[in-house]
1. State yes or no: is Arg94 touching a His at 6+ places or on another chain (Cβ under 6 Å), in a helix (DSSP H, G or I) and either under 30 Å from Gln31 (Cβ atoms) or basic (Lys, Arg) (or both)?
2. Quick one: Arg139 ticks every box in (1) among the charged types (D, E, K, R); (2) within 25 Å of Arg426 (Cβ to Cβ); (3) assigned by TED's automatic domain parsing to the domain that holds Asp12; (4) touching a Ser or Thr at 6+ places or on another chain (Cβ under 8 Å) bar one, so which box is it?
3. Going through Glu516, Glu485 one at a time, which residue ends up being in a loop (DSSP other than H, G, I, E, B) and either surrounded by fewer than 19 Cβ atoms within 10 Å (Cβ to Cβ) or out of contact with any His (no Cβ under 6 Å at 6 or more places or on another chain) (or both)?
4. Kindly provide the set of residues from region 377-411 that are in contact with an Asp or Glu (Cβ under 9 Å, 6 or more places away or on another chain) and in a helix (DSSP H, G or I), ordered by number.
5. List every residue pair whose Cβ atoms lie under 7 Å apart, where the two residues are 6 or more positions apart in sequence or sit on different chains, the first residue falls within region 426-443 and is touching a residue at least 12 places away in the same chain (Cβ under 8 Å) and within 14 Å of Ser231 (Cα to Cα), and the second residue, located anywhere, is surrounded by 15 or more Cβ atoms within 10 Å (Cβ to Cβ) and among the polar types (S, T, N, Q).
6. Go through region 520-533 and give me each residue that's touching a residue at least 40 places away in the same chain (Cβ under 8 Å), buried (at least 22 other Cβ atoms within 10 Å of the Cβ) and of a type outside the set (Phe, Trp, Tyr).
Amino acid sequence: MTDTINVKAIADLLGRLREQTETATRELASQCATGGKLDGEILDRRQVSCYELAWANAELLAAEQAVRVLQESNGELESRLAMIFVAEALTLLRDRLEAIDLDINGNAATALAAIHSDPASRALRKEALSDGYLLATARLMADNPEQIARITLNEDLSMVQDMFQRFAAEQVAPLAEDIHRQDLTVPEDTLLQPLREMGVFGLSIPEQYGGSAPDDRDDNLGMVVVTEALSEASLAAAGSLITRPEILSRALMSGGTEEQKQQWLPRLAQGDPLCAIAITEPDFGSDVASLKLRGTKTDGGWLLNGAKTWCTFAGKAGVMMVVTRTDPDVSKGYRGLSLLLAEKPSFDGHEFDYRQEGGGRIIGRAIPTIGYRGMHSFDVSFEDYFVPDANVIGEKDGLGKGFYYTMSGMMGGRMQTAARASGVMRASLLAGLRYAEERKVFSRPLLEYSLTSAKLAKMAARYAASRYLAYAVARILDEGGGRMEASLVKLFACRSAEIVSREALQIHGGMGYAEEMPVSRYFVDARVLSIFEGAEETLALKVIARSLMESALTESAA
């Protein structure tokens, strides 16, 4: 690290930006409230500022984590990547907070200008974003690719990481291209069964129920380690297999009866049955409160009628967690929803049509997609499909609580999605780095051109910031906190995966657009991450910004 970079001064700058962010949150919350409570109609009119607020918090949290790396790191590459990210983040944060201030007050806060023109800020941006600095960083990356975003793990987690990285490289990667290009289903013998035996499906399930998580706490850190290792080889054929059992097992732990936990969790941990999650409906994406698929009470259970869409792995799944409107009073919104476990046979291929003995029917057809192939996402329709009372999560006491149980499951899903993004980013970055070393233009490797090296250094800086934040948040979650942080890291990591994979493809030039190059798969796979497990806009507006402003109003009233 050069003498011109003052880490304490940079940390102080971020502290001042944190104060400005909190001020903006309070002022925006005040303008979006009626009678001390947030007003939905006003929030809808201020969506742009709310969106910027969510992103400012996500980028600020990533920058704060990068500064902690700067403060603790002894490695040159770690320090360089942290400085590059913080240097870029200072401008991003200034612009977002300024946009909010202009909306709130009609003029930008002078404090923001003072922060941006502070000598420490100018010195960091001048040094870390210079051509020479970025080129030297890219060369250091090429010489030490294994040191990019290095994370220190304990012995047990290091062994787990090594085991899954080896499996991903030897078993998943050789199959990934065919699964993607031929739109195949994840193969049973070569991938699903070995992953069952490795315990992939029980990562979020406590040991007492047959999983590998401790009985007294979550193990988000272990889940992150496994997920990113598999996702680096293939998002759709391996890394995303964990998401659905993650969501369902957490929903069961949150609301299931003890009998249901004993019945379902050991089986889910073994990957028998595989599971799918049915939330989204054709007319309602992330608007869970408006879902219409209905469950009508009948002797001994419920009859499902309606449609769901984007049900990933619904064909192979032997059970589907279906968010169902069990209360006919639609005015109750999310309070009328319950979680029902609809069992079905497992089917290979792109469509299925199953009829129960009593006449119920479930039909599924895979949705053609540009990427994320292997598990397939299905349109699913239910016609008088019978689900017994015993398969209502929480049974009678769980009626009307499905929204809350779903949210419990989605929290883990968001963290897991951030880990998926980390794996895709690493694959993309290393592919771009290798190509830039090997490809020569005008007799020189691409890496030796300053624009290419700048791209690679900034890609790596964003990836490192995202990965460091994901591991930090996983540890916070394991200690019982981190709900807001999990949403923020999901928001940040998924967009970062898009940016990094896009730039990696761009470095490949025309070859990057060819399906024969893995980087083209990384790019189309990464695009889904900002949509699944909570679309970026809904996550930013309805979860992050709203929660931040509600907390600000509560603090102001105290």
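1. When the stated conditions are applied, Arg94 passes them.
2. Going through the list (1) among the charged types (D, E, K, R); (2) within 25 Å of Arg426 (Cβ to Cβ); (3) assigned by TED's automatic domain parsing to the domain that holds Asp12; (4) touching a Ser or Thr at 6+ places or on another chain (Cβ under 8 Å), Arg139 breaks only (3).
3. On the way: Glu485 fails: in a loop (DSSP other than H, G, I, E, B).
On inspection, the qualifying residue turns out to be Glu516.
4. Of everything in region 377-411, those that are in contact with an Asp or Glu (Cβ under 9 Å, 6 or more places away or on another chain) and in a helix (DSSP H, G or I) turn out to be Asp389, Ala390, Asn391, Glu395, Lys396, Gly409, Met410.
5. Ser428/Ser501
6. Listed by number, the residues that qualify are Arg521, Asp525, Ala526, Val528, Leu529, Glu533.
Here's the yes/no breakdown for (1) under 30 Å from Ile151 (Cα atoms); (2) surrounded by fewer than 17 Cβ atoms within 10 Å (Cβ to Cβ); (3) modelled with pLDDT of 95 or more:
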| residue | (1), (2), (3) |
| --- | --- |
| Tyr354 | no, yes, yes |
| Ile393 | no, no, yes |
| Gly409 | yes, no, no |
| Gly432 | yes, no, yes |
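Listed here are the residues, each with its yes/no results for (1) at pLDDT below 95; (2) surrounded by fewer than 21 Cβ atoms within 10 Å (Cβ to Cβ).
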site: Asn6; (1), (2): yes, yes
site: Leu13; (1), (2): no, no
site: Leu17; (1), (2): no, no
site: Gly36; (1), (2): yes, yes
site: Ile42; (1), (2): no, yes
site: Ala54; (1), (2): no, no
site: Glu59; (1), (2): no, no
site: Gln65; (1), (2): no, no
site: Gly75; (1), (2): yes, yes
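The values are calculated or read from the model by the stated rules, or taken from the named source; none is laboratory data. Just so we're clear, the structure is a prediction, and the values are computed from it rather than from any experiment. Positions of Cβ are backbone-derived with ideal geometry, glycine not excepted, and every protein chain shown enters the neighbour counts.
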